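Enquirer: The structure's right below; bear with me while I get my questions together.
The values are calculated or read from the model by the stated rules, or taken from the named source; none is laboratory data. The structure presented is a predicted model; accordingly, all values stated were derived computationally and were not measured. Backbone-built Cβ (ideal geometry, glycine too); neighbour counts: all protein chains shown.
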Amino acid sequence: MVSAKYKIGILTSGMSRGSNLEAMANYFIINQKPVQISFAIVTKKNAPVREKCMKYHINDIFISTKDLQLFEDKLIKVCHENSIDILVLSGFLKKLSPKFIKRVNIPVINIHPALLPKFGGLGMYGKNVHEKVFNFKEKKSGVTIHLVNENYDEGKIIAQSECDISDCKSADEIADKVLTLEHKVYPQTITRFLENLR
Ligand code: GRF
């Protein structure tokens, strides 16, 4: 195993399947990238992503989001104790406060399953995004990886990648195509981003 030069933490939600976490873990291992997933935060004790954490021996930590202030305080502590370089969001749906972004003092990045600035903002997550893209009869969709700031999906864009969806007959078909792209682009972008940090 390659020794880790970079450490990341992953922030998921109670519903996260963990397919992006799995894609990252595989990518770092197969390509011998010096990136370690130090932990994954889960916000429900029975979150499906926990199975993936077990499979890849990733430390999964449950923190309740019932009290968001307390959640952020605990999350900051975990980030600092583990000396991670970046916090990676994967399916986390709540808004992190500007105070959190300032206090955590490391880049926080997110993946959005569409081509921002279109199809982003409050309520635009998961199937909602793909249904809107389908209803707007878009010919292409894709993924956007961006820094997290105080507004939903408005932080600086780090990377974007497109896919042709002109043959897609439903929002589900678009979702499948975009997810495949996420699995390819997110691990690569995270690695490149880390390499550019120092
Ligand atoms: C992904 O579709 C991503 O775009 C969004 O949350 C979903 C997480 O899926 N931000 P998974 O848990 O990685 O399968």
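Enquirer: Please identify the pairs in which a residue from the range 81-94 that is touching a residue at least 12 places away in the same chain (Cβ under 8 Å) has its Cβ atom under 6 Å from the Cβ atom of a residue that is among the polar types (S, T, N, Q) and within 10 Å of the ligand (Cβ to nearest atom), counting only partners at least 6 apart or on another chain.
Expert: Qualifying pairs under 6 Å: 89/110; 90/12; 90/20; 91/12; 91/13; 91/16; 92/13; 93/13.
Enquirer: For residues that are basic (Lys, Arg) and part of a helix (DSSP H, G or I), tally how many sit in the range 157-198. First the steps, then the outcome.
Expert: So the first thing to find is which residues in the range 157-198 are basic (Lys, Arg), and the list is 169, 177, 184, 192, 198.
From the residues that got through so far, the ones that are part of a helix (DSSP H, G or I) too are 177, 184, 192.
Here the count works out to 3.
Enquirer: Output the residue which, of all residues in the range 73-88 that are closer than 26 Å to residue 19 by Cβ and in contact with a helix residue (DSSP H, G or I) (Cβ under 7 Å, 6 or more places away or on another chain), is surrounded by the most Cβ atoms within 10 Å (Cβ to Cβ).
Expert: This residue is 88.
Here is a yes/no grid of residues against (1) farther than 24 Å from residue 26 by Cβ; (2) surrounded by 15 or more Cβ atoms within 10 Å (Cβ to Cβ); (3) free of Cβ contacts under 8 Å to residues at least 12 places away in the same chain:
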| position | (1), (2), (3) |
| --- | --- |
| 155 | yes, yes, no |
| 165 | yes, yes, no |
| 169 | yes, no, yes |
| 181 | no, yes, no |
| 188 | no, yes, no |
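Enquirer: Within the bounds of the range 135-152, is there any residue that is within 18 Å of the chain's Cα centre (by Cα), within 12 Å of the ligand (Cβ to nearest atom), loosely packed, with under 15 Cβ neighbours inside 10 Å and not small (Gly, Ala, Ser)?
Expert: No - not one qualifying residue is present in the range 135-152.
Enquirer: Residues in the range 3-16: is at least one surrounded by fewer than 16 Cβ atoms within 10 Å (Cβ to Cβ) and among the small types (Gly, Ala, Ser)?
Expert: Among the residues of the range 3-16, at least one is surrounded by fewer than 16 Cβ atoms within 10 Å (Cβ to Cβ) and among the small types (Gly, Ala, Ser), which makes the answer yes.
Enquirer: Another one. Filter the helices (runs of 4 or more DSSP H) completely within the range 1-115 down to those with at least 3 residues that are within 14 Å of the ligand (Cβ to nearest atom) and closer than 22 Å to residue 148 by Cα.
Expert: Numbers: elements: 19-30, 49-55, 68-81, 98-104.
So the answer is 19-30.
Enquirer: Are there any pairs, at least 6 apart or on different chains, whose C-beta atoms fall under 7 Å, with the first in the range 50-68 and at pLDDT 95 or above and the second among the basic types (Lys, Arg) and part of a loop (DSSP other than H, G, I, E, B), and if so, which?
Expert: Every condition considered, the pairs that remain are 62/45; 65/94; 68/94.
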